[in-house]
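A quick write-up on the structure given underneath.
The values are calculated or read from the model by the stated rules, or taken from the named source; none is laboratory data. Note that this is a predicted model, so its numbers are computed, not measured. Because the Cβ atoms are built from the backbone with ideal geometry, glycine has one as well, and the counts that use them run over all protein chains shown.
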Amino acid sequence: MNLLITGAGRGLGLEIAAEALERGHRVFAGMRNPEKKNAKLSELTARYSDKLICVRLDVTDEDGIADLAADMRRSGLTLGTIVNNAAVLEARNTPIEQLDMEAVARSFDINLFGPMRAAKHLLPLLTEKSASFINISSEAGSLTNAYPGDYPYGITKAALNMLTEQLRRYLKDRGVAVYSVHPGWMKTDMGGEKAPTDPRKSAIGIMDLIERKVVPDTPFHFVDYTGNAMPI
Ligand code: NDP
């Protein structure tokens, strides 16, 4: 299967790429700066030179995404999975009275409009059998778990869950599985050192969902990385 993952240069995105490669898939690893590789990405590039393709992909750049889609189409490439992983957590714990609206706008641009741009331009390539469209969401996007603080993050993830449901209905007849996945509180740059979950563990769960080893039985497709339903 061919997977395209956004924000694949570090954190969860890189772990999903590593797990997919280990399972024999081909990965188009989207990143803002493909020439700037950390140690793990360099090691993977060397080990999987034929299966790991690092592509320039800034999710705020619609023309760039359209060009990437056109290049892939011209090369006769298809996709089996798109993982919208790139996101930012800005204005953390900021009271509403002090909220920087530019940070809110940036969060929408990356966390919500990014996956929308990916859907708009890349869905026509998602033609492989048992295809998936995965939005990496967060428990912060659940109305049940709503907390005052992290306003842009929680609101963009809640909206992302709506996009998931809209696309789930749109793509049902094509056999494309669409999920919002809460990956757990993970030890990454975003999650911090105190986080209990190793992002590798989340990546394994997400790959099991993608490979349909785990098929959640939930009315809405908002699940955690083990496939259990998340509260809306
Ligand atoms: P990190 O902050 O560690 O990594 C974020 C990734 O997003 C980086 O690869 C970054 O690229 C990329 N990115 C940011 N902006 C853009 C952009 N404009 N275009 C392309 N890529 C971009 O986050 P995590 O790995 O922890 O998070 C991954 C996903 O999991 C996110 O969707 C997050 O919301 C979600 N999540 C994380 C939790 C956690 O505990 N960590 C908890 C719940 C959900 P660059 O290197 O260029 O900055």
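How about segment 33-69: which of its residues are among the basic types (Lys, Arg) and within 10 Å of the ligand (Cβ to nearest atom)?
Lys36, Arg56
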Q | Output for segment 11-32, where each listed residue is surrounded by fewer than 18 Cβ atoms within 10 Å (Cβ to Cβ) and within 6 Å of the ligand (Cβ to nearest atom) | A | Arg32
Q) What are the residue pairs meeting all of these: first residue in segment 70-90, first residue more than 26 Å from Met186 (Cα to Cα) and more than 13 Å from the ligand (Cβ to nearest atom), second residue part of a loop (DSSP other than H, G, I, E, B) and among the β-branched types (Val, Ile, Thr), Cβ atoms under 6 Å, and 6 or more apart or on different chains? A) Thr78/Thr127
Q | Tyr179 being aromatic (Phe, Trp, Tyr) and either at pLDDT below 95 or closer than 26 Å to Ala103 by Cα (or both) | A | no
